[in-house]
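Only one structure is covered here, and it is reproduced in the block below.
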Amino acid sequence: MIVFKKIEDLNKHLFRLKEAGKTIGFVPTMGALHEGHISLIKLAQSHSDYTVCSIFVNPTQFNDENDFKKYPNRIDQDIHLLASQKTDILFLPSVNEMYPNGTSHLKSYQLGYLENLLEGVSRPGHYQGVCLIVDRLLSIIDPDFLFLGQKDFQQIMVIKKMIALKEHRTEVIIAPTQRDPNGLANSSRNLRLSEKEKQLATGIFKSLTFIKDNFKKRTVSELIKNAGDILIKNHFHPIDYISIADAKTLQPITIDHDNNPDGVIALIAAYMGDVRLIDNMLL
Ligand code: AMP
């Protein structure tokens, strides 16, 4: 694995690969890598000649200073893990390399209603930061394929919108959410949970599974109430949102037992202690 810290060096290397007609798959991450990230790397390897992974804890996407400060950093372990997976290239830039003009006075993206629901409401400015960094990374790497996890379902929609706005040529490929055997979705933030909290945190998966199993049997408001009760029983507090929504628009569904051809998705965000966790499930 070759590690690049400078855009210029990475560009030179990628230029040679592209000139030789090689395809590039790209997996952006914020590090503290887990099985979810590794599944993206494997998917990228199966689709492309060369795989680039980036690790960059992007300051502009954190609306909560404390969340940014406490974001796990395990760079030595991450490098070792990526190398053991035979990742071709790791891009590991500094904040200065990615934001040479600082992080104030940044451009913004017309994301429309996507910023006005769910994560957009709970984390103001978050998706502008996500777009800034992914736009910049795509401009640098110009990959054939971009690999994203279903775990961040709304983020996929936001990034697709940015890609359309900026006319990047990259094709987005989605990987399913990887989970612990007990259902807890793999997340870098799980490192901040105690063993007891990790056990309780399976409550999100239990709530989502409950909604899925009972979707045809109960009303939407009953499902949301029951899912909330499961979260409360598992010590989640506060609950940010429980939404049962159209999978294409993320607008909450209003019809009970909806047979929506675009699919229906349940999405949850809630706090376990001071750790904010999100997850979703297609119904
Ligand atoms: P992050 O490092 O959390 O910014 O995530 C980097 C990428 O990994 C994003 O595309 C995430 O959606 C994806 N990802 C995070 N957790 C999982 C998971 N449990 N399963 C699959 N992909 C994931």
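Determine if the range 76-85 includes at least one residue that is loosely packed, with under 15 Cβ neighbours inside 10 Å and not in a helix (DSSP H, G or I).
Step one: list which residues in the range 76-85 are loosely packed, with under 15 Cβ neighbours inside 10 Å, which gives 76-77, 80, 83-84.
Checking which are not in a helix (DSSP H, G or I) leaves us with none.
Looking for residues that are loosely packed, with under 15 Cβ neighbours inside 10 Å and not in a helix (DSSP H, G or I), one finds none in the range 76-85, hence no.
Taking the condition at pLDDT 95 or above and part of a helix (DSSP H, G or I), does I268 pass?
On the way: at pLDDT 95 or above: yes; part of a helix (DSSP H, G or I): no.
No: the conditions fail for I268.
Under 6 Å between Cβ atoms, at least 6 apart or on separate chains: pull out the pairs that start in the range 62-74 with a residue that is polar (S, T, N, Q) and end on any residue that is assigned to a helix (DSSP H, G or I).
If the second residue must be assigned to a helix (DSSP H, G or I), the pairs left are N63/H126.
Return yes when I244 is touching a strand residue (DSSP E or B) at 6+ places or on another chain (Cβ under 9 Å) and outside any helix (DSSP H, G or I) and no when it is not. Give the steps one after another, and end with the answer.
Details: touching a strand residue (DSSP E or B) at 6+ places or on another chain (Cβ under 9 Å): yes; outside any helix (DSSP H, G or I): yes.
Yes: the conditions hold for I244.
Looking at I224, is it part of a helix (DSSP H, G or I) and free of Cβ contacts under 8 Å to residues at least 40 places away in the same chain?
Values: part of a helix (DSSP H, G or I): yes; free of Cβ contacts under 8 Å to residues at least 40 places away in the same chain: yes.
Criteria met by I224.
Give the range 198-221 a look and list any residue that's assigned to a helix (DSSP H, G or I) and touching a His at 6+ places or on another chain (Cβ under 8 Å), or say none.
Kept after step one, since they are assigned to a helix (DSSP H, G or I), are these residues of the range 198-221: 198-201, 203-214, 220-221.
Correct list: L200, G203.
Restrict the check to the range 39-47 and report whether at least one residue is within 16 Å of the ligand (Cβ to nearest atom), assigned to a loop (DSSP other than H, G, I, E, B) and surrounded by 15 or more Cβ atoms within 10 Å (Cβ to Cβ). Let's see the steps before the verdict.
The first filter runs over the range 39-47 and keeps only residues within 16 Å of the ligand (Cβ to nearest atom), leaving 39-47.
Next, only the ones that are assigned to a loop (DSSP other than H, G, I, E, B) stay: none.
Checked the range 39-47: no residue is within 16 Å of the ligand (Cβ to nearest atom), assigned to a loop (DSSP other than H, G, I, E, B) and surrounded by 15 or more Cβ atoms within 10 Å (Cβ to Cβ).
If the Cβ limit is 9 Å and pairs must be 6+ apart or interchain, which residue in the range 188-209 that is under 10 Å from G273 (Cβ atoms) and modelled with pLDDT of 95 or more pairs with which residue that is assigned to a helix (DSSP H, G or I) and of a type in the set (G, A, S)?
Sorted first by the residue in the range 188-209, then by its partner, the pairs are L193/A201.
Give the range 247-265 a look and list any residue that's under 20 Å from G112 (Cα atoms) and part of a strand (DSSP E or B), or say none.
Matches in the range 247-265: P252 only.
Here is a list: L193, L223, L138, L200. Which entry is within 17 Å of the chain's Cα centre (by Cα) and either closer than 29 Å to E8 by Cβ or not hydroxyl-bearing (S, T, Y) (or both)?
Details: L193 fails: within 17 Å of the chain's Cα centre (by Cα); L223 fails: within 17 Å of the chain's Cα centre (by Cα); L200 fails: within 17 Å of the chain's Cα centre (by Cα).
Of the residues listed, the single one that is within 17 Å of the chain's Cα centre (by Cα) and either closer than 29 Å to E8 by Cβ or not hydroxyl-bearing (S, T, Y) (or both) is L138.
So for the range 87-97 (the condition being surrounded by 11 or more Cβ atoms within 10 Å (Cβ to Cβ), in a helix (DSSP H, G or I), of a type in the set (A, V, I, L, M) and at pLDDT 95 or above), does at least one residue qualify?
Within the range 87-97 (the criterion being surrounded by 11 or more Cβ atoms within 10 Å (Cβ to Cβ), in a helix (DSSP H, G or I), of a type in the set (A, V, I, L, M) and at pLDDT 95 or above), the answer is yes, since at least one residue qualifies.
Taking the residues in the range 102-131 that are outside any helix (DSSP H, G or I) and among the small types (G, A, S) as candidates, determine which candidate is surrounded by the most Cβ atoms within 10 Å (Cβ to Cβ). Steps first, answer last, please.
Here is the first cut: in the range 102-131, the residues outside any helix (DSSP H, G or I) are 102-111, 117-118, 123-125.
Next, only the ones that are among the small types (G, A, S) stay: 102, 104, 108, 125.
Details: G102: 9, S104: 7, S108: 10, G125: 15.
Once the filter is applied, the top-ranked residue is G125.
For the range 142-188, what are the residues that are more than 8 Å from the ligand (Cβ to nearest atom) and in a helix (DSSP H, G or I)?
Here is the first cut: in the range 142-188, the residues more than 8 Å from the ligand (Cβ to nearest atom) are 142-146, 153-154, 157-174, 180-184.
The answer is F153, Q154, M157, V158, I159, K160, K161, M162, I163, A164, L165, K166.
For residues that are in a loop (DSSP other than H, G, I, E, B) and over 26 Å from R123 (Cα atoms), scanning just the range 48-67, find the one that is farthest from the ligand (Cβ to nearest atom).
As a first pass, look at the range 48-67 and keep what is in a loop (DSSP other than H, G, I, E, B): 48-49, 56-58, 62-64.
Filter once more, keeping what is over 26 Å from R123 (Cα atoms): 48-49.
Values: S48: 16, D49: 21 Å.
Taking the candidates together, the pick is D49.
Residues in the range 1-38 that are part of a loop (DSSP other than H, G, I, E, B), within 8 Å of the ligand (Cβ to nearest atom) and among the small types (G, A, S): how many?
In the first step, residues of the range 1-38 are kept if they are part of a loop (DSSP other than H, G, I, E, B); the result is 1, 5-6, 20-23, 30-34.
Keeping just the survivors that are within 8 Å of the ligand (Cβ to nearest atom) gives 30-34.
Still in the list and also among the small types (G, A, S): 31-32.
Residues in the range 1-38 being part of a loop (DSSP other than H, G, I, E, B), within 8 Å of the ligand (Cβ to nearest atom) and among the small types (G, A, S): 2 in total.
The values are calculated or read from the model by the stated rules, or taken from the named source; none is laboratory data. Remember, it's a predicted structure, so these values are computed and weren't measured experimentally. Heads up, the Cβs are rebuilt from the backbone with ideal geometry, glycines too, and the neighbour counts pull from every protein chain shown.
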